Amino acid sequence: MRGFLLRCVLLWAMLQWSKTQSAVPATALNCCEGDVLLLLDSSGSVANREFLRLLHFATILLRPFSLGRGHVRVGLLQVGTNPNLEFGLDVHNNQESLQKALQSVSQLQGDTNTKAALRVAQGLLTETDENMPKVLLWLTDGVEPGDVGGAMAELKAQGVSVLAVSTVHGNYQVLQRAVTPPLESHLYSVDIDDIDIITEDLREAIIKIIRAERLRVVDLTSHSAVLQWRPVLKVDSGYYEISYNSLGKAGPETKRTLSGNSNWVELTNLQPDTTYTAALHPESNQRLFNTLSVNFTTHVLGLTVVSVSDSGSRQIRVSWGPLQPAGVQRYTVEYGAFPSGEVLTVTLPSQQNSTLLTGLQPGTQYLVTVSALHRNGKERAMSVRACTQEAALPALSDLYLIPVEHQEVQVAWQANQEGLKGYWLSWERQNPHTYTSKPSISSLYLPASSRSTRLKHLAPSSRVCVSPVYSSGRGEGLCCTAERFQPAGLTITVCSNQAAGAKKWVKSSILSAGCSSLDN
């Protein structure tokens, strides 16, 4: 009961502290980028009162920092018989969330198995960006921490800065070997009731490690680079000077002046595939700032356009640019039916910027990729999709009109059988009961096996049309018109697509017929 009341009093004190604190120090709000992992001794050797005071201390220590990716990431790992990851580095992105999490932590009790917890810490801190500064803050009473020398040495060898806070019970020699120099700012041994007096010094030590004093390249092309930095000046407190030039090539240094509230700059008119060095100089009459620098190499000038022209049913022409014979060894064109056709390859010299792809399938979409292999070994590629045209559908080759009786005719035809689905016929039909009425248009669909049919009640000068039907559409048909029927004689009208014009063959001379082709 007494422990519960003490916990409530401490939590109340933390809340009162958060309400009465002045504004968060401006130097810490947006100063830093890195990972801070709290290694909190939660074993039975730590009195519950000390445990709660350590948690309270951690909340005050971390409160000024901006949290999340691009700022400071905080994790909490408890030491007990078995390590317990209370929350990882990516869990809390704001102070409200972190403060609530710290206030709800419960003590594990059990043995002080620090070595096992350090193995977990090593995995957490080494799986992130190796260029990101990392801090392990060990909060402990220092009583029998175990054999931690090897694990701490491995962490430090991997670039992790180890800091420690211990109560007066701690084994100072073990802690001294564990932390990263300098000892005067990275190792603190203090009575638990006076722990708040080290808050500012310890926070400043952490800030020195994770202060984001670096110039970063956030966007890069063949001709430009965007550089970004954490602002250290205000609009009225000074200015920045950015200078840059190419490495290994003779040329003047370029300088630009930027306002004090700037935090990025775009460098333009750069040369492709060239290494540059850039330096940022914060200038202020209030204090001295470090010069930040960065080296970067612009991209190889790659392909900027790939186009398709001269598309036919069996071919397409692919063109690309810009042409770079001095910097390119060769071009490779890969193409295949989309999405899973066989991929074919054409290799072309650096002086060529187009090629004709032949032997393609009609009405098919192709994925075409053009790759440029540069002389420095780098490769750049660009892809487009292109479609071949539909193949022209075969036309009806011949159409025959053979009179049978008055107003009746036998219609016969010949057509290409590949892919054929059927035939579409149309003609002018006369009503047998009212010969004076206007003829009507009749139509009929016949299967591909049909070669002829008989039509009755044809109107005088009836126009008979037959079109082949394929799965992808109707081919070109033929139409023939008989001007006059003579049942006493045999007249055959032949219309053909095989000659330059339709032709007519007459067995008896009593017929006048006209023939023409039928377009869809």
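The values are calculated or read from the model by the stated rules, or taken from the named source; none is laboratory data. Given the structure is predicted, the values throughout are model-derived calculations rather than measurements. Glycine also receives a Cβ, built like all others from the backbone with ideal geometry; neighbour counts cover every protein chain displayed. Ligands, DNA and RNA are stripped out before the accessible areas are found, and what is left, the full protein with its side chains, is counted by its heavy atoms. Shrake-Rupley method; radii C 1.70, N 1.55, O 1.52, S 1.80 Å.
Of note:
- Selection from the range 222-236 of residues that are open to solvent by 20 Å² or more (accessible area, probe 1.4 Å) and over 22 Å from ARG380 (Cβ atoms): GLN228, ARG230, PRO231, VAL232, LYS234, VAL235, ASP236
- Scope the range 119-152; condition part of a helix (DSSP H, G or I) and open to solvent by less than 50 Å² (accessible area, probe 1.4 Å); matching residues: ALA121, GLN122, GLY123, LEU124, LEU125, GLY149, GLY150, ALA151, MET152
- Some residue of the range 321-332 being among the charged types (D, E, K, R), open to solvent by 20 Å² or more (accessible area, probe 1.4 Å) and without any contact (Cβ under 8 Å) to a residue 12 or more places away in the chain: no
- Options SER319, SER309, SER313: the member that is modelled with pLDDT of 90 or more, among the small types (Gly, Ala, Ser) and closer than 27 Å to ALA392 by Cβ: SER319
- For the condition over 48 Å from the mean Cα position of the chain (by Cα) and buried (at least 18 other Cβ atoms within 10 Å of the Cβ), ILE197 does not qualify.
- Checking each residue in the range 353-382 for being in a loop (DSSP other than H, G, I, E, B) and either in contact with an Asp or Glu (Cβ under 9 Å, 6 or more places away or on another chain) or surrounded by 15 or more Cβ atoms within 10 Å (Cβ to Cβ) (or both) picks out ASN353, LEU360, PRO362, GLY363, THR364, ASN376, LYS378.
- Qualifying residue in the range 389-396 (condition: under 26 Å from SER450 (Cα atoms) and in a strand (DSSP E or B)): yes
- Among the residues of the range 200-221, the one identified as open to solvent by 80 Å² or more (accessible area, probe 1.4 Å), of a type in the set (Lys, Arg) and part of a helix (DSSP H, G or I) is LYS208.
- Residues in the range 333-348 that are β-branched (Val, Ile, Thr) and open to solvent by 30 Å² or more (accessible area, probe 1.4 Å): VAL343, THR345, VAL346, THR347.
- Top-ranked residue of the range 383-398 - restricted to ones that are at pLDDT 90 or above and of a type in the set (A, V, I, L, M, F, W, C), ranked as least open to solvent (accessible area, probe 1.4 Å): ALA386
- Check on PRO282, within 24 Å of SER246 (Cα to Cα) and assigned to a strand (DSSP E or B): yes
- All positions within the range 37-83 that are under 39 Å from the mean Cα position of the chain (by Cα), at pLDDT 90 or above and hydroxyl-bearing (Ser, Thr, Tyr): THR59
Conditions tested, residue by residue: (1) acidic (Asp, Glu); (2) at pLDDT 75 or above; (3) touching a Cys at 6+ places or on another chain (Cβ under 6 Å); (4) buried (at least 18 other Cβ atoms within 10 Å of the Cβ).
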residue: HIS406; (1), (2), (3), (4): no, yes, no, no
residue: ASN416; (1), (2), (3), (4): no, yes, no, no
residue: LEU425; (1), (2), (3), (4): no, yes, no, yes
residue: HIS433; (1), (2), (3), (4): no, no, no, no
residue: PRO447; (1), (2), (3), (4): no, yes, no, no
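- Hey, SER97 at negative phi, hydroxyl-bearing (Ser, Thr, Tyr) and either assigned to a loop (DSSP other than H, G, I, E, B) or modelled with pLDDT of 95 or more (or both) or not: no
- Residue within the range 161-168 that is free of Cβ contacts under 8 Å to residues at least 60 places away in the same chain and open to solvent by 60 Å² or more (accessible area, probe 1.4 Å) present: yes
- Taking the criterion of being part of a helix (DSSP H, G or I) and among the polar types (S, T, N, Q), the residues of the range 100-118 that qualify are GLN103, THR114.
- Residue within the range 269-279 that is touching a residue at least 60 places away in the same chain (Cβ under 8 Å) and open to solvent by 60 Å² or more (accessible area, probe 1.4 Å) present: yes
- Residue in the range 285-300 that is open to solvent by 30 Å² or more (accessible area, probe 1.4 Å) and closer than 19 Å to LEU357 by Cα present: no
- Residues in the range 237-258 that are among the charged types (D, E, K, R), exposed (fewer than 14 other Cβ atoms within 10 Å of the Cβ) and not in a loop (DSSP other than H, G, I, E, B): LYS255, ARG256.
- Residue count for the range 39-56 satisfying the condition of being open to solvent by 30 Å² or more (accessible area, probe 1.4 Å) and part of a loop (DSSP other than H, G, I, E, B): 3.
- Total residues in the range 301-317, condition outside any loop (DSSP other than H, G, I, E, B), under 14 Å from GLN365 (Cα atoms) and open to solvent by less than 30 Å² (accessible area, probe 1.4 Å): 1
- With respect to the conditions (1) open to solvent by 10 Å² or more (accessible area, probe 1.4 Å); (2) in contact (Cβ under 8 Å) with a residue 12 or more places away in the chain; (3) more than 28 Å from LEU215 (Cα to Cα), ASN93 falls short on a single one, namely (3).
- Residues satisfying the stated conditions in the range 172-212, i.e. touching a helix residue (DSSP H, G or I) at 6+ places or on another chain (Cβ under 6 Å) and of a type in the set (Phe, Trp, Tyr): TYR188
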